[in-house]
Every structure is written in structure tokens, then in C-alpha cells.
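Only the coordinates and a few stated rules stand behind these numbers; no lab work does. This structure is a prediction, so every number in the text was calculated from the model and none was measured. Note that each Cβ is placed from the backbone with ideal geometry, even for glycine, and that neighbours are counted across all protein chains shown.
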2 protein chains.
Amino acid sequence: MQDKPFSYTIPYPGFKPSRVDNHLQRHLSDLKGQFSNEKAYQTLLKKEDVLLYEVYEIKRPEVEGEILMGISIVHPGKVGNEFFMTKGHFHTILGTAEMYYCLHGEGFMVMETPEGDTAVEALAPGKVLYIPPRWAHRSVCTSRQQDLVTFFAYPGNAGHDYGTIEEKGFRKLIIDRGDGIEIIDNPSFNE
Amino acid sequence: MQDKPFSYTIPYPGFKPSRVDNHLQRHLSDLKGQFSNEKAYQTLLKKEDVLLYEVYEIKRPEVEGEILMGISIVHPGKVGNEFFMTKGHFHTILGTAEMYYCLHGEGFMVMETPEGDTAVEALAPGKVLYIPPRWAHRSVCTSRQQDLVTFFAYPGNAGHDYGTIEEKGFRKLIIDRGDGIEIIDNPSFNE
């Protein structure tokens, strides 16, 4: 960890930062139980444990006052009619926000609070999304061929609670209707 | 203040966000005593109280856990051989960081700690700068004709201390040598 100012470049195209402290890769097997069509999930998994998304993290001390940053890249693809997506999470410290700056591709951020409020915001290059404290968030790539690339920043002390979403899922799903993209209620949401 | 997620677009070119809660404009007269060449400052001021920079702020509650964001635009120009720049400030809560994502133009971030450590980082499109807690910061536009445009984000509770810099100045200056840009010690730094 360095205490001096530092800079790095996010190249266009490519988007892999010139400084990477941690490269996280999530495959289909990491999202077991998260896609609504279990049969399509198993069929795809038998064929290939495909890479769904990756994150380039810039590390800093995980304490209040610091800001954690990185680049998220969700690859295009579907499990049945449901688009590739991230695991999604609440922050462990619920009262912490997050911001996303979309650099490439198209998609959605699916969000909800512990109280059951839901929100879905479209992402496209040049759009900045603000996720206030208390909102769980998952990004979904709806581009047919392009990656969804976002730059993110959040408070250093936020932490990640993946367990709640793994257990319950999100209340909303983003699916491909063939003639368009639809936001539907998750039939297997586990209250 | 809204508690729901929201998004806005940063158009290219132009960079004025589709959502602006506060538009701050700083003119030459707002930086009285900050440029090293007082005679050049007075001459230019008599001619025109020129706009040095502007900031489009997205407001959120100024509390821990929130993130404040905006777009900073420093216009090109010089006072004597010193480039147009922002006032610069410490955060009132010293232990809070800030990040800048350069979108357009060229320039530098001039930084220092209360203990006298100094740092200068170049800004160019695609570069992200991390300013750790405790570092005062001022951006300087060294483009000859283009604005220096940056997206910034910092903790909601940071606050701004402009007074220390107004009184002391920064330890380093960015000047135009004609054949290049030079970082020099500020001859009128007030310890």
C-alpha cells in the first residue's frame, strides 16, 4: 500500500488498467443457483465453465476515508434467456454508496434494498450511475457482442456481503424476449 | 436529495452532465494572491475578470458513506508564465481521499501534505489519479487551447478547507518555459 498519490491509465479500447493489484475472474460455476433456468445452466456448464465477468481492482487500505476503485468487465452471453451478470452484493457496511461510470457496451444495473425496494438503471457509455447507501447491486451485460465495461468507486470500509444474494437472489431479472429486453419478477426469489 | 439510485450522462464532447445540482464558477478575482506574478495578475484583471474554471456538482448528503461527484473544467490560459489553475484545497476531514478521472485536455495535479511532502502528477485523457488522505490538491490546465476536464469523486463527509492554501499557497508551481513546462518551487510560499 502506498501513501503517495499515484495514477494509472485505462486504455481505450481494452480497458485493462495499467495498474492492477488484483484480477478477479468469475466463471459460470461461481454463480450456481443464480440463473433462473437451472436446466440451461447445467447444459452450458457441462459444455464449458465459461468466464462471465472479471474485475481489475486497485487496492487501498479498506478503511473509512479511502476509496476503492476498479474496472468491471461483464462478457456478453446468456444462460437460457437470461443475460450474463455479476454475482451482485450488498455492502457489509450497509450505509455506504457506490458509483459506476460506464465506458463501453450496454447493460443494466439491478438493485434492491433489504426492505424490498427495487430499481433498474440502464448503462451505456458516458452514463454515471449513483447507487445510494443500502442498495444491493448486480450488473448485467445486454450487448450482443460487446463487453459491458464500467469504472467503479466506493468507500474503503464498505466490504462485500455476497451471502444474502446467494441465498435469496435478486427480486428482478433481465431477460431476452427475442424482440427486446424485459425486466421481470424473479420467479424463484427466496423471501 | 433522493435516496433512489439515479444516473446521468456526461456527453462527449461538451462534458456538462445531464444532471447538475450546483454550477460553480471561479474567476481570476477569486484567486487573488495565488499567482506568483502579481503584476501580470493585476494587468490581466484590469482587462477582464476571466473565467478560470468551473465545476458541475452532483449533490448528495455530506455524510460518511456517501460519495460526492462532479466534473471540473479548467480553461486554458496563463497569468504571466503560470497556467490557469484551481484554488486547491485540503479536505476538512484530512483523512479522506479523492479520485480524478481525466476525460479531456492536459494538465497536472499539484499536491502536498501538511507535513510538506509534495507530489505532481500529469493528467491526460484515460488517466485516473488517486489522491490519498491528507494531500491538498490543485489542478492546472497546461493545454494550449483545450479545457482540462476531469471527473472526480470523494467521500461525502470530506469538506473543503480553502483557507490554508489561500494563506500559504502551494509549495510547487507549474510554469511555461516557452520550450516546455516546468515544475518549480513557489518563491512566495508562506511557511
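Brief remarks on what is shown
- Counted residue by residue at 0.36 nm each, then reduced by the alpha carbon distance between them, the extension gain from B:Tyr162 to B:Leu51 reaches 38.1 nm.
- A Cβ-based charge dipole, computed about the Cα centre of the protein assembly as shown with Lys and Arg at +1 and Asp and Glu at -1, lands at about 800 debye.
- Globularity ratio of the protein assembly as shown, using Cα Rg and 2.2 N^0.38 Å: 1.07
- A straight Cα-to-Cα reach below 16 Å connects A:Lys127 with the aspartates and glutamates A:Glu98, A:Glu106, A:Asp147, B:Glu57, residues fewer than 8 places away in its own chain not being considered.
- Overall form of segment A:79-191 per C-alpha gyration tensor (a/c, 1.5; a/b vs b/c): oblate
- Calculated label separations, A:Gly159, copies of the chain, 7 Å along the beta-carbon direction, nm: 2.7
- Compactness of segment B:20-164 as Cα Rg over 2.2 N^0.38 Å, two decimals: 1.02
- Think of chain A as having a plus end and a minus end, set by charges on the Cβ of Lys, Arg, Asp and Glu; of A:Gln145, A:Met85, A:Met99, A:Gln145 sits farthest toward the positive end of this dipole.
- MRE, 222 nm, helices only [DSSP H, n ≥ 4, -39500 (n - 2.57), over chain A, to nearest 500]: -2000 deg cm²/dmol
- Taking chain B as a Gaussian network of alpha-carbon nodes connected by springs under 10 Å, the highest mean-square fluctuation of the residues B:Gly95, B:Gly169, B:Gly80 belongs to B:Gly95.
- Counting only Cβ charges, +1 for Lys and Arg and -1 for Asp and Glu, the dipole size of segment A:18-152 around its Cα centre is about 420 debye.
- Degrees, to the nearest 10: B:38-47 long Cα axis against longest axis of chain B: 70 degrees
- FRET efficiency estimate (nearest 0.05) - Cβ-Cβ, A:Ile183 to A:His23, R0 25 angstrom: 0.20
- Tail beyond 18 Å, pair distance distribution of segment B:86-131 (Cα, percent): 31 percent
- Cα→Cβ-extended label distance, 7 Å offset, between B:Asp3 and B:Glu38, nm: 5.3 nm
- Average projected area [Cα convex hull, segment A:1-85], square nanometres: 7.2 nm²
- For A:Leu45, inter-copy label distances in nm, listed shortest first [label point 7 Å out on the Cα-Cβ vector]: 7.1
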